[in-house]
Amino acid sequence: MTEQTPEQAPEHGIARPRLEGKTAVVTGASCGIGLAIARRLVAEGAKVCITARNIGPLKEAAAEFPEGTVLAMAGKSDDPEHRAEVLDAVAQAWGRLDILVNNAGVNPVYGPLSELDPEAARRILDVNVLGTLAWVSAVCAHEALDFRGRGGSVLNLSSVSAQTPAAGIGFYGISKAAVEQLTRTLAVELAPTVRVNALAPAVVKTQFARALYEGREEKVSSAYPLKRLGTPEDVAGAAAFLASDDAAWVTGQIINLDGGLLVAGGSA
Ligand SMILES: NC(=O)c1ccc[n+]([C@@H]2O[C@H](COP(=O)([O-])OP(=O)(O)OC[C@H]3O[C@@H](n4cnc5c(N)ncnc54)[C@H](OP(=O)(O)O)[C@@H]3O)[C@@H](O)[C@H]2O)c1
């Protein structure tokens, strides 16, 4: 058998940045997991529009990226006008959208589910579930982006709290369970051109999760077989894989990122 020359060797996507030429929107990306995902997508060759409510931290985050690689658009992910502005700006700047990362998520309450304030429940559903769905709908409906025609990848942020009862944050877990079913349903509905997947992390060290580990990190991480909590970069690596053509045959999947917590019988 004769050996292949480098020119003849099959391409496995490792010779050049695997997201070169792709564009993305990452919601809730001024810090934490969203910012780490944006950094990773840009490092792999993509151009990224980052969003968050507060303009100051968003601008600060945008300033660290190489010139021409990011757009920063302040607004609420659950606001239809903001969504339209973001997508119009992406269409104008880059003419295409390949990757949507629905990362913005909230949990404004802590306590027993049976005592939950219905207003807080509505807020959680508005951002985590309806906001996520509305971004997908808006992207699919945007004529200039032609997301469905061209083909794309949607990535939603779930949580292991969708899969096990999570004391104190029960309704947040319920909202993430809805995100997981929404992910599976959209994966079937938007196939074959658009892939839809979700990442379900356990505790990742961000501002959002601080109350879950601060002052007792060693004790909390002892329940994890890998003996540490997650980092935003742990999530970003998996996000880049799912967004890329390396995951071209992956859709409708929820990938747990939990240092082995759930298989070891732990809970959120
Ligand atoms: N950290 C964890 O342990 C963990 C575990 C599982 C899942 N998750 C999920 O991962 C995602 C990111 O969490 P994180 O830990 O990175 O949180 P984070 O560090 O608190 O960052 C949240 C980001 O979202 C923005 N944001 C919040 N509400 C928004 C809204 N309504 N519209 C637009 N932007 C908004 C925030 O900026 P502004 O405040 O300026 O808007 C910030 O940029 C969430 O969906 C969360 O549920 C996190």
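Being touching a His at 6+ places or on another chain (Cβ under 9 Å) and within 16 Å of the ligand (Cβ to nearest atom) is a description that applies to L87. Restricting the first member to segment 43-67 and to residues that are in contact (Cβ under 8 Å) with a residue 40 or more places away in the chain, and the second to residues that are open to solvent by less than 30 Å² (accessible area, probe 1.4 Å) and of a type in the set (D, E, K, R), the beta-carbon pairs closer than 8 Å and six or more apart or on different chains are A46/D98.
Condition first: of a type outside the set (D, E) and under 21 Å from I33 (Cα atoms). Can you find one or more residues in segment 144-151 that meet it? Scanning segment 144-151, I find no residue that is of a type outside the set (D, E) and under 21 Å from I33 (Cα atoms), so the answer is no.
Residues that are within 15 Å of S244 (Cβ to Cβ) and either within 16 Å of the ligand (Cβ to nearest atom) or open to solvent by 50 Å² or more (accessible area, probe 1.4 Å) (or both): does segment 53-73 have at least one? First the steps, then the outcome.
Filtering segment 53-73 for residues within 15 Å of S244 (Cβ to Cβ) gives none.
No.
Restricting S137, S153 to residues that are among the polar types (S, T, N, Q) and assigned to a helix (DSSP H, G or I) narrows the list to S137.
For segment 197-212, does any single residue satisfy the condition of being more than 16 Å from the ligand (Cβ to nearest atom) and of a type outside the set (D, E, K, R)? Steps first, please.
Initially, segment 197-212 is screened for residues more than 16 Å from the ligand (Cβ to nearest atom), giving none.
No, that holds for no residue.
The set of residues in segment 25-52 being within 11 Å of the ligand (Cβ to nearest atom) and assigned to a loop (DSSP other than H, G, I, E, B) consists of T27, G28, A29, S30, C31. The residues of segment 90-125 that are within 15 Å of the ligand (Cβ to nearest atom), more than 17 Å from S159 (Cα to Cα) and either assigned to a strand (DSSP E or B) or open to solvent by 20 Å² or more (accessible area, probe 1.4 Å) (or both), listed by number, are L100, R122, R123. Only residues that are surrounded by 14 or more Cβ atoms within 10 Å (Cβ to Cβ) and without any contact (Cβ under 8 Å) to a residue 60 or more places away in the chain were counted in segment 138-147, giving 6.
The values are calculated or read from the model by the stated rules, or taken from the named source; none is laboratory data. This structure is a prediction, so every number in the text was calculated from the model and none was measured. Here Cβ is always computed from backbone atoms with ideal geometry, including for glycine, and neighbour counts include all displayed protein chains. In case anyone asks, the SASA skips ligands and DNA or RNA and just uses the protein heavy atoms, side chains included. Shrake-Rupley method; radii C 1.70, N 1.55, O 1.52, S 1.80 Å.
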